[in-house]
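Enquirer: If you scroll down you'll find the structure; I have some questions about it.
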Amino acid sequence: MSPGRHFLQIPGPTNVPDRVLRAIARPTIDHRGPEFARLARDVLEGLQRIFQTSGAVVIYPSSGTGAWEAALVNTLSPGDTVLMFETGHFAALWRDMAVRLGLIVDFVPGDWRHGVDLDALDARLRADRAGAIKAVAVVHNETSTGVASRIAGVRERMDAAGHAALLMVDTISSLGSIDYRHDEWRVDVTVACSQKGLMLPPGLGFNAISAAALARARTARLPRSYWDWQAMLSDSATGFFPYTPSTNLLYGLREAIAMLMEEGLPAVFARHRRHAEATRRAVRAWGLELVACNPEEFSHSLTAILMPTGHDADALRRLVLERFDLALGTGLGKLKGRAFRIGHLGDFNDLMLAGTLCGVEMGLSAAGVPFSPGGVAAALEYLASS
Ligand SMILES: Cc1ncc(COP(=O)(O)O)c(C=O)c1O
């Protein structure tokens, strides 16, 4: 028995607000009836506002990985080349998927501390005179490192090089937390899912799709069935799905979109920016090091922190969970044991951040990690004055 609320401060799944939980806890309805059609239209229109697009959106009963696969199999053919960047663990997993699907991946190496290397992008595209690269696929916010790549910059470089590759962006840990503009940045496929900035349980995957990507889908030859956009889009035009949708999660999605709209997207983004800055001030005051190196690429939805040499991040996480009922994100891939992550996204406010940082500071002390006290005070001072 742990009295009080559990602190779920991993970078997703995030805390599901009571309003969303209540919306989900309603009787399931006929997914081929008129009430469902209204629900489907509401969430599809609402998602367009969240993606900042007037184009097509599809919703899968899937995790984010399914939405990754949908983006690739609907637009590409066996043997096509995709340009990807090693920004961290999730970029590497998306690369692995593309290879398994029979694509050729040009994977630009990275150090897991920086975002997409815009100069390397530029050089690769300009060297590709034959137009072999059919897609550039990047992760907006690397959840394993707390580094956010500059998507407007990626689009600018693609335009400057005059390259016709499609642009695909994973916004799994940025959508609804960090400013993201599908139409303005002329992204062709945006990949997202439910359990992070959208404040829902896991179980919904999304693609936002440009007209160019839809056109490409007509000739793309990778096999697809469950993920086929065409079936999804023709059914959703009338408010239905080609197979059984996650009815109750869609109730939750409608409520979550309403909450984001009531707050207003600019305010949502500013709230995340402010909490990220307060967190970084705490980290700096503790004398610890961020994984992210470039201030222009600091994530607003999570912070990844390196442990001093000889100290195990997972031992700290275990202690913090046992003593304070606070879940922090583990280091992933090559950061396993070397870093931990604080998620500050979704349904989150100043006092939740204060509690989270208190848990980390008390944990550092109890685990015997060398650090300077005062991180919480630095964060509170910033929160009070900003
Ligand atoms: C950036 C990013 N991409 C992809 C994924 C995979 O999503 P899922 O675990 O929902 O399949 C995650 C999961 O955390 C992620 O953070």
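The values are calculated or read from the model by the stated rules, or taken from the named source; none is laboratory data. Small disclaimer: the values here were computed from a predicted structure and weren't measured. With ideal geometry, Cβ positions are generated from the backbone for all residues, glycine too; neighbour counts draw on all protein chains shown.
Enquirer: Mind checking which residues of segment 183-203 are in contact with a strand residue (DSSP E or B) (Cβ under 6 Å, 6 or more places away or on another chain) and within 16 Å of the ligand (Cβ to nearest atom)? I'd like the intermediate steps shown before the answer.
Expert: First, pick out the residues of segment 183-203 that are in contact with a strand residue (DSSP E or B) (Cβ under 6 Å, 6 or more places away or on another chain): 187-193.
Val187, Val189, Thr190, Val191, Ala192, Cys193, listed by residue number.
Enquirer: Enumerate the pairs (first residue in segment 151-177 and at pLDDT 95 or above; second residue anywhere and in a loop (DSSP other than H, G, I, E, B) and away from the ligand (no atom under 16 Å from the Cβ)) with beta-carbon separation below 6 Å, excluding pairs fewer than 6 apart on the same chain, so at least 6 apart or on different chains.
Expert: Note: pairs meeting the criteria are Ile151/Trp185; Ala152/Trp185; Arg155/Trp185; Arg155/Arg186; Leu166/Asp188; Leu167/Asp188.
Enquirer: Test Gly153 against the stated conditions and say whether it is away from the ligand (no atom under 16 Å from the Cβ), over 26 Å from Lys334 (Cα atoms), more than 17 Å from the chain's Cα centre (by Cα) and in a helix (DSSP H, G or I). Walk me through how you get there before you give the answer.
Expert: Working: away from the ligand (no atom under 16 Å from the Cβ): yes; over 26 Å from Lys334 (Cα atoms): yes; more than 17 Å from the chain's Cα centre (by Cα): yes; in a helix (DSSP H, G or I): yes.
The answer is yes for Gly153.
Enquirer: Here's something else I'd like to know. Can you list the helices (runs of 4 or more DSSP H) lying wholly within segment 197-292 that have 3 or more residues being closer than 30 Å to Pro78 by Cβ, of a type in the set (Gly, Ala, Ser) and in contact (Cβ under 8 Å) with a residue 60 or more places away in the chain? Spell out how you get there, then give the answer.
Expert: Working: elements: 211-217, 229-236, 247-263, 265-286.
Per the criteria, 211-217.
Enquirer: I would also like to ask the following. Regarding segment 42-50, can at least one residue be identified that is crowded, with 23+ Cβ neighbours inside 10 Å, within 16 Å of the ligand (Cβ to nearest atom) and at negative phi?
Expert: no
Enquirer: Looking at Thr53, is it more than 13 Å from the ligand (Cβ to nearest atom), under 24 Å from the mean Cα position of the chain (by Cα) and either under 29 Å from Asp347 (Cα atoms) or buried (at least 22 other Cβ atoms within 10 Å of the Cβ) (or both)? Working first, answer last.
Expert: Details: more than 13 Å from the ligand (Cβ to nearest atom): yes; under 24 Å from the mean Cα position of the chain (by Cα): yes; either under 29 Å from Asp347 (Cα atoms) or buried (at least 22 other Cβ atoms within 10 Å of the Cβ) (or both): yes.
So Thr53 fits the description; yes.
Enquirer: Of all residues in segment 65-81, which are more than 15 Å from Ser225 (Cα to Cα) and surrounded by 24 or more Cβ atoms within 10 Å (Cβ to Cβ)? Steps first, answer last, please.
Expert: Step one: filter segment 65-81 for residues more than 15 Å from Ser225 (Cα to Cα), giving 65, 78-81.
Within segment 65-81, no residue meets the criteria.
Enquirer: Taking Phe324 as the residue in question, decide whether it is closer than 30 Å to Gly110 by Cα and hydrophobic (A, V, I, L, M, F, W, C). Reasoning before the result, please.
Expert: Details: closer than 30 Å to Gly110 by Cα: no; hydrophobic (A, V, I, L, M, F, W, C): yes.
So Phe324 does not fit the description; no.
Enquirer: Collect the residues in segment 195-207 that are surrounded by fewer than 24 Cβ atoms within 10 Å (Cβ to Cβ) and of a type outside the set (S, T, N, Q), keeping them in residue-number order. It would help to see each step written out before you state the result.
Expert: As a first pass, look at segment 195-207 and keep what is surrounded by fewer than 24 Cβ atoms within 10 Å (Cβ to Cβ): 195, 201-203.
Scanning segment 195-207 gives Pro201, Pro202, Gly203.
Enquirer: Criterion first (more than 15 Å from the ligand (Cβ to nearest atom) and not hydrophobic (A, V, I, L, M, F, W, C)) does Asp119 satisfy it?
Expert: Details: more than 15 Å from the ligand (Cβ to nearest atom): yes; not hydrophobic (A, V, I, L, M, F, W, C): yes.
Yes; evaluated as a whole, the condition is true for this residue.
Enquirer: Could you check segment 179-194 and list, in sequence order, the residues that are buried (at least 22 other Cβ atoms within 10 Å of the Cβ) and part of a loop (DSSP other than H, G, I, E, B)?
Expert: Tyr180, His182, Val187, Asp188, Ser194
Enquirer: Can you tell me which residue in segment 133-147 is farthest from the chain's Cα centre (by Cα), limited to those that are part of a strand (DSSP E or B), within 19 Å of Arg280 (Cβ to Cβ) and near the ligand (Cβ under 8 Å from one of its atoms)?
Expert: So the residue we want is Glu142.
Enquirer: Continuing with the same structure: For segment 25-38, enumerate the residues that are of a type outside the set (Asp, Glu) and either in a loop (DSSP other than H, G, I, E, B) or surrounded by fewer than 19 Cβ atoms within 10 Å (Cβ to Cβ) (or both).
Expert: Quick first cut of segment 25-38, residues of a type outside the set (Asp, Glu) only: 25-29, 31-34, 36-38.
Selection gives Ala25, Arg26, Pro27, Thr28, Ile29, His31, Arg32, Gly33, Pro34, Ala37, Arg38.
Enquirer: Ok, one more. From the list Ser236, Ser174, Ser210, which residue is touching a Phe, Trp or Tyr at 6+ places or on another chain (Cβ under 9 Å) and crowded, with 18+ Cβ neighbours inside 10 Å? Can you show your working first?
Expert: Values: Ser236 fails: touching a Phe, Trp or Tyr at 6+ places or on another chain (Cβ under 9 Å); Ser210 fails: touching a Phe, Trp or Tyr at 6+ places or on another chain (Cβ under 9 Å).
The conditions single out Ser174.
Enquirer: Being of a type in the set (D, E, K, R) and either in a helix (DSSP H, G or I) or within 13 Å of the ligand (Cβ to nearest atom) (or both) is the filter here; which residues of segment 61-104 pass it? Give the steps one after another, and end with the answer.
Expert: Initially, segment 61-104 is screened for residues of a type in the set (D, E, K, R), giving 69, 80, 86, 95-96, 100.
Selection gives Glu69, Arg95, Asp96, Arg100.
Enquirer: Follow-up. Suppose the filter is touching a residue at least 12 places away in the same chain (Cβ under 8 Å) and either under 29 Å from Ala92 (Cα atoms) or among the charged types (D, E, K, R) (or both); does Leu319 pass it?
Expert: no
Enquirer: To continue, here is another question. Which residues, taken from segment 293-313, are in contact with a Leu (Cβ under 6 Å, 6 or more places away or on another chain) and either of a type in the set (Gly, Ala, Ser) or in a helix (DSSP H, G or I) (or both)? Outline the logic, then answer.
Expert: Filtering segment 293-313 for residues in contact with a Leu (Cβ under 6 Å, 6 or more places away or on another chain) gives 301, 305.
Listed by number, the list holds a single entry, Ser301.
Enquirer: Filter segment 82-125 down to residues that are touching a Gly at 6+ places or on another chain (Cβ under 6 Å) and surrounded by fewer than 21 Cβ atoms within 10 Å (Cβ to Cβ) and give me whichever is farthest from Glu297 (Cα to Cα).
Expert: His89
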